[in-house]
Amino acid sequence: MQKDDDRLTSRGEEFLQVFKKGAEFTQDLLRENERLRYRLLELERAPGPGGEAPTHEVKRLSERIANLEAEKQEILDRIRQVEEENQDFAARYLEIEDENNNLANLYIASYQLHSTLDFREVLQIITEIIINLIGAEEFAILLLDEKSDELQAVATEGVEREQIPVVRLGKGVIGLVAQSGENHFVSDVDDYQRDFLSPMVCIPLKIKEHVIGVLAIYKLLVQKKEFAPVDYELFTLLAGHAATAIFSSRLYSDSERKLSTIQGFIDLLTK
Amino acid sequence: MSEYNVLIVEDSPTMRQLIAFALKRIRGVRIVEANDGVDGLKKLSAERFDLILTDINMPIMDGLKLVSLVRNDANYRSIPIVVITTEGAQEDRERALALGANDYITKPIQPTKILEVAKGLLRIV
């Protein structure tokens, strides 16, 4: 009997033991279940790869993208604007460069014209300016004799001086230019045929409104196809400065000659 | 001390002044002027030059003769030469280049053209 009781007790304890383990296992299962449910909730909230983000996050990111797109467009517009400004600056730079070169030409021409009081040197400088700065191959400088009202060549380039006819004031293109003081340019340089009485360009050499002579151009250098804007400015400069230089050098030569004559008389008288 | 020594051989003071004006835009340039070929050779023997610009039509010794003499002298033959002249014809260009000129500029002179050619021969970027 005692044996049966002991066996029963032992079986009861075993059962309790198993039940206890079952209870512990059930507890573990419940904990694991709770942990997994929590994890699932986390995963649902977080945007995984290919997963969908929460609405507020999508909205925030969309706004951010829109802002960045707007900023990008603004930067692109600014770059385009800067590029356009750069092109403007480059074009302006070239214009200024041209202006600078033209001013240099004018300055050098003016400087050289007034660098001497020798009549022959002045004519030589005018010739150099016409060849080197304007690009003429055949031309003549004619001066007006106010006593006879005739224009006569005093310097030529590319043609003999004898080939240039003496022109009466008011006669033909040369005479009319000298009379009126107005420039003459043929309408088409290419079609021009050389005529010593009718040059392709005729510029009066004037001191204010007083004409002392003319510059007559008959042919341009082979490589010079047409007149550039600076050429017209050079012509204007020549019209005034060359005339002044010629007039001054003539006056100086005359006074030098007179001085020499007077000095000769004084020497004779004082010997 | 100047970085580039340039010799201008030209009988016209107007042209010398115009060429010098164009070349003075090169930083560190020093310009020496000569009136003709003989004067140019004298200046060449006195110092080292990096570039010669010469006119063709000059009294005493013309530019083509100068080019020929420079190219046949071991001391100067490496100096680049630019010929400046009124002659626009192809045969004049070929004549100058055949004698050893490196480049050729025709009148009327454009300062930008002088600067461009000079910078190229002086290898200035």
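The values are calculated or read from the model by the stated rules, or taken from the named source; none is laboratory data. Remember, it's a predicted structure, so these values are computed and weren't measured experimentally. Counting neighbours? That spans all protein chains shown, and the Cβs are built from the backbone with ideal geometry, glycine included. What goes into the accessible areas is simple: the full protein's heavy atoms, side chains included, and nothing from ligands, DNA or RNA. Shrake-Rupley method; radii C 1.70, N 1.55, O 1.52, S 1.80 Å.
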Contact list, first residue from the range A:87-116 and within 11 Å of chain B (Cβ to nearest Cβ), second anywhere and of a type in the set (S, T, N, Q) and not in a helix (DSSP H, G or I), beta-carbon distance below 8 Å, six or more apart or interchain, is A:Asn101/B:Gln110
Within the range A:181-203, is even one residue open to solvent by 50 Å² or more (accessible area, probe 1.4 Å), within 14 Å of another protein chain (Cβ to nearest Cβ), touching a Ser or Thr at 6+ places or on another chain (Cβ under 9 Å) and among the polar types (S, T, N, Q)?
no
Output yes when any residue across the range A:197-211 is among the aliphatic types (A, V, I, L, M), over 29 Å from A:Tyr107 (Cα atoms) and assigned to a loop (DSSP other than H, G, I, E, B), and no when none is.
yes
Exactly one of (1) more than 29 Å from B:Glu116 (Cβ to Cβ); (2) within 13 Å of chain B (Cβ to nearest Cβ); (3) not in a helix (DSSP H, G or I) is unmet by A:Val159. Its number?
(2)
Looking only at the range A:127-156, which residues are facing chain B (nearest Cβ under 10 Å) and touching a residue at least 12 places away in the same chain (Cβ under 8 Å)?
A:Thr127, A:Glu128, A:Ile129, A:Ile130, A:Ile131, A:Leu133, A:Ile134, A:Gly135, A:Ala136, A:Glu137
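For the range B:1-106, which helices (runs of 4 or more DSSP H) that fit wholly inside it have 1 or more residues that are in contact (Cβ under 8 Å) with a residue 40 or more places away in the chain?
The helices (runs of 4 or more DSSP H) meeting that bar are B:13-23, B:63-71, B:90-99.
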Got at least one residue in the range A:218-228 being within 19 Å of A:Leu113 (Cα to Cα) and either in a strand (DSSP E or B) or not acidic (Asp, Glu) (or both)?
no
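Here is a yes/no grid of residues against (1) under 30 Å from B:Pro111 (Cα atoms); (2) open to solvent by 100 Å² or more (accessible area, probe 1.4 Å):
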| site | (1), (2) |
| --- | --- |
| A:Asp28 | no, no |
| A:Arg31 | no, yes |
| A:Leu43 | no, no |
| A:Leu61 | no, no |
| A:Asn67 | no, no |
| A:Ala70 | no, no |
| A:Glu83 | yes, yes |
| A:Tyr93 | yes, yes |
